[in-house]
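Some notes on the structure that comes next.
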Amino acid sequence: MEAERVLVIGVGRIGAVTAVGLAHLLHDVTGVDTNAGRVEELQAGRLREAEPGLRAALQSALRLRALRFAPGAAPGGFDFAFLCVDTPPLSGGEPDLRQLFAAAEYAARTLRPGGTVVTRSTVPPGTGDRLEAALRAAGRGDLGVVHVPEFLREGRAWEDFREPDRIVVGARDRVRCERVARLFAGISAPVYRCDRVTAELAKYAANAFLATTVSFANEMADLAARLGADPEVLFETLRADRRIGREAYLGPGLGFGGHCLPKDTAALEYVAAARGLTLHQLRATIRVNRERVGQAAAWLDEALGGLEGRTIAVLGLAFKPGTDDLRESRALALAEALALRGAEVRGYDPLVREAPGICCPGTLPAALEGADALVAAHRADWVRAIDPCEAAVLMARQVVYDAPGGIDHRAWAAAGFVTNRCLREPVAAADGSER
């Protein structure tokens, strides 16, 4: 496979993984970003994200001189420019594409004649057409736009780049489509070649489906609680169905968060509404997700006889376990809701040092000391490993809200805790009362 000269514009989490991955596929890669500090960190082989395997891969690519990071790039020196900039939501859900068009303008100055702009950012269907029109207006009608959506999970992004479920390449030009597909020739995965609009829609559709699964699971968990059913076994029976699968997003919790699912569901709803279509199921998915935090706060309010002056320890602050990303974290949304009702909120997460509006004392015992209740926001080994008897000694009151259903509720109830799990049989607490 012939090595190509590739420019990656925007080297945040997605751009960094893309740049490192393409370098490991033996291409000559340069990453640029307007954030000089970020460029300096990556060029020095430092990585702030909690992404297993990526730091070692970054350092090896730098040693082999297949990869470099710089604040800018020489004009006319690249065959491909990957746009990996953020497309954050505006107030109405519409994606903000200003960074994307600025990156395309930069690409126009750096690509060779006949080069290709590859959009990696999540963009609304039809964005490629707008980009090509802008490039023609800038005198670069020789450039084409191909969309290759990323499907990288935070905390497993390097694994997902190397071993993806699929690669989607969307283009109008079959020749460009094949050239871009060949960039990933070293990866063993099915390649779906399609038109550009279908590729642009593919990422939104995937995230909307995953978000719907999360909201469905939360509603089934609520129903199980009302019926006295076991949600753990319920979801295991669903995952055992080959049409659903072991990796399905089935499990209760505070709802979906992070950078992608909230942003992309809102964007897809906006795209549909702009064309006169109401996506009723997607709207219900978003509504169910929004209500989860209020339900958790209401349960804690009732269990504690009010939240004013209470101390709540929230365990797990990132939007999901295994990452340090706080964007759209439902745990932080719950902390804000509790604080608005007069509670003092402490937080602990082994990958998070500080979080807005929350006191993070730095250790788990310090977070639990004197707390009236704890919230298990993550389904993680370190949460399941907490000894409820030790927690009971540290805390002022014994109340636990287990959002993802990962703790042993019988053990916690035996240690004197009131829990939110609806058990099929009453469990005697340490004081002899039934929980």
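The values are calculated or read from the model by the stated rules, or taken from the named source; none is laboratory data. Since we're looking at a predicted model, the values are computed, not measured. Every residue, glycine as well, gets a Cβ built from its backbone with ideal geometry; the counts of neighbours run over all protein chains shown. Quick note on the areas: whole protein, heavy atoms, side chains included, nothing else; ligands and nucleic acids left out. Shrake-Rupley method; radii C 1.70, N 1.55, O 1.52, S 1.80 Å.
A few points about this structure:
- Here Q43 clears all of (1) within 24 Å of the chain's Cα centre (by Cα); (2) polar (S, T, N, Q); (3) under 24 Å from W158 (Cα atoms) except the condition numbered (1).
- Every residue from region 306-332 that is hydrophobic (A, V, I, L, M, F, W, C), over 30 Å from I14 (Cα atoms) and either touching a Phe, Trp or Tyr at 6+ places or on another chain (Cβ under 8 Å) or open to solvent by 10 Å² or more (accessible area, probe 1.4 Å) (or both): A313
- Of the residues in region 208-220, at least one is part of a helix (DSSP H, G or I), farther than 30 Å from T419 by Cβ and either modelled with pLDDT of 95 or more or in contact with a His (Cβ under 9 Å, 6 or more places away or on another chain) (or both).
- Reported count of residues in region 179-218, each being open to solvent by 60 Å² or more (accessible area, probe 1.4 Å) and of a type in the set (D, E), is 1.
- Test result for A229, surrounded by 15 or more Cβ atoms within 10 Å (Cβ to Cβ) and assigned to a helix (DSSP H, G or I): no
- For region 286-293, the criterion of being modelled with pLDDT of 95 or more and in contact with a strand residue (DSSP E or B) (Cβ under 7 Å, 6 or more places away or on another chain) is met by none of the residues.
- Some residue of region 66-81 being in a helix (DSSP H, G or I), under 24 Å from K203 (Cβ atoms), of a type in the set (A, V, I, L, M) and touching a strand residue (DSSP E or B) at 6+ places or on another chain (Cβ under 6 Å): no
- Residue in region 145-152 that is out of contact with any helix residue (DSSP H, G or I) (no Cβ under 7 Å at 6 or more places or on another chain), surrounded by 15 or more Cβ atoms within 10 Å (Cβ to Cβ), within 30 Å of P52 (Cβ to Cβ) and modelled with pLDDT of 95 or more present: no
- Of the residues making up region 119-156, those that are over 22 Å from A205 (Cβ atoms) and in a loop (DSSP other than H, G, I, E, B) are A138, G139, R140, G141, D142, L143, G155.
- Against the test of being among the small types (G, A, S), modelled with pLDDT of 95 or more, assigned to a helix (DSSP H, G or I) and open to solvent by 30 Å² or more (accessible area, probe 1.4 Å), the options A303, A335, A297 yield a single qualifying residue, A303.
- Pick from region 15-65, criterion under 27 Å from E105 (Cα atoms), assigned to a loop (DSSP other than H, G, I, E, B) and touching a residue at least 40 places away in the same chain (Cβ under 8 Å), ranking: most open to solvent (accessible area, probe 1.4 Å): L26
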